[in-house]
Amino acid sequence: MKKVFLAAAILCMAVAAYFGVTNKQTRDQEVVMRNEAVKEYGVTNNLLNTKKTELAEAKTNHQLAQDKRDQTSAELSALEQALKRQESTIAKSTEELAKIAIQQQEIDLAVKKLDGITSVVELIEKEKGLKDTLAEKQAAKAESDTKLAASTKMATAVETQVRTLEKNQIERAKTIALNGLEATVVAVNKNWGFVMVNAGMSLGVSGSSSLLVKRGEELIARLRIVTLAPDMVVADVVPDSIAKGARVMPGDKVIFEATN
């Protein structure tokens with residue numbers, strides 16, 4: 001009987017020792033996995049903070065571009081006003097030249113009808129004065145034409161600059177809108193390993209756009225675009241990017257990495 005109890009005691013001790021070793025191994029594995037997850041979380045959180053900083057800088061650059069465009073538009077408006085004044089001056093000079101030409105014709109007719117040296121001399125002096133005045137008006141008109149040409153050239157250059165700034169501003173606005181866009185995973189195909197996202201070309205997404213999947217404030221995976229439609233993206237999950245223990249699911253949010 002004692003032998004039976006002794007054998008039972010030895011068996012119980014062996015079983016306890018076995019489960020003790022097994023539990024220790026399991027605990028050690030869990031500690032290693034937890035440490036790796038904490039490390040991965042720190043790296044992902046730093047990446048998220050970097051992207052937030054880049055977004056803030058992009059918004060600042062957008063405001064500077066807007067200020068520059070407003071300044072250039074004001075300069076263009078001033079030049080347009082100057083062009084109108086020059087055109088008014090030229091119109092007045094042209095009208096004066098027409099009046100002087102009529103007076104010249106009248107003098108020529110009067111000279112032909114007059115007899116006597118004195119009258120002819122007086123008319124010649126008057127004609128000479130009118131010719132001098134005509135020459136001055138013509139010189140003024142030529143100067144106004146030169147100024148008008150210079151103003152027109154400058155206005156064209158400024159207008160080109162404004163259009164370039166507007167184009168650049170539109171591109172920056174698209175980039176900023178894309179960087180601040182947050183889409184949603186609407187479907188996940190577990191068999192083929194691809195997901196569908198409700199954002200596409202109509203929102204500025206391109207084939208080179210980089211997509212990050214997040215859940216709450218934690219980034220859990222990176223996506224690579226496979227198919228791009230106006231309102232939808234089909235993308236593969238980059239295998240090495242997914243966080244340990246995580247899986248992309250419908251409802252997860254998708255953000256776009258900052259682009260230049």
Length gained when the stretch ALA98-LYS153 is fully extended (0.36 nm per residue, less Cα-Cα span): 17.0 nm
Extended-chain gain in nm, criterion 0.36 nm per residue less alpha-carbon gap, THR89 and VAL38: 10.6 nm
The range 176-237: C-alpha gyration tensor shape, a/c 1.5 cut-off, then a/b vs b/c: oblate
For the range 237-246, Karplus couplings with θ = phi - 60° (6.51, -1.76, 1.60), whole Hz, Gly/Pro x: 7, 5, x, 6, 9, 6, 5, 4, x, 9
FRET E, pair ALA135, ALA74, Förster distance 25 Å, beta-carbon r, rounded to 0.05: 0.05
Simple spin-label estimate for VAL31 and ALA7 in nanometres, 7 Å along Cα-Cβ: 3.9 nm
Computed FRET value (nearest 0.05) for SER206 with LEU64, which takes r as the C-beta separation and R₀ as 25 Å: 0.55
Cβ-Cβ FRET estimate between ALA82 and GLU57, R0 fixed at 51 Å, reported to 0.05: 0.85
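Only the coordinates and a few stated rules stand behind these numbers; no lab work does. A quick note: this is a predicted structure, and the numbers were derived from the prediction, not measured. Positions of Cβ are backbone-derived with ideal geometry, glycine not excepted, and every protein chain shown enters the neighbour counts.
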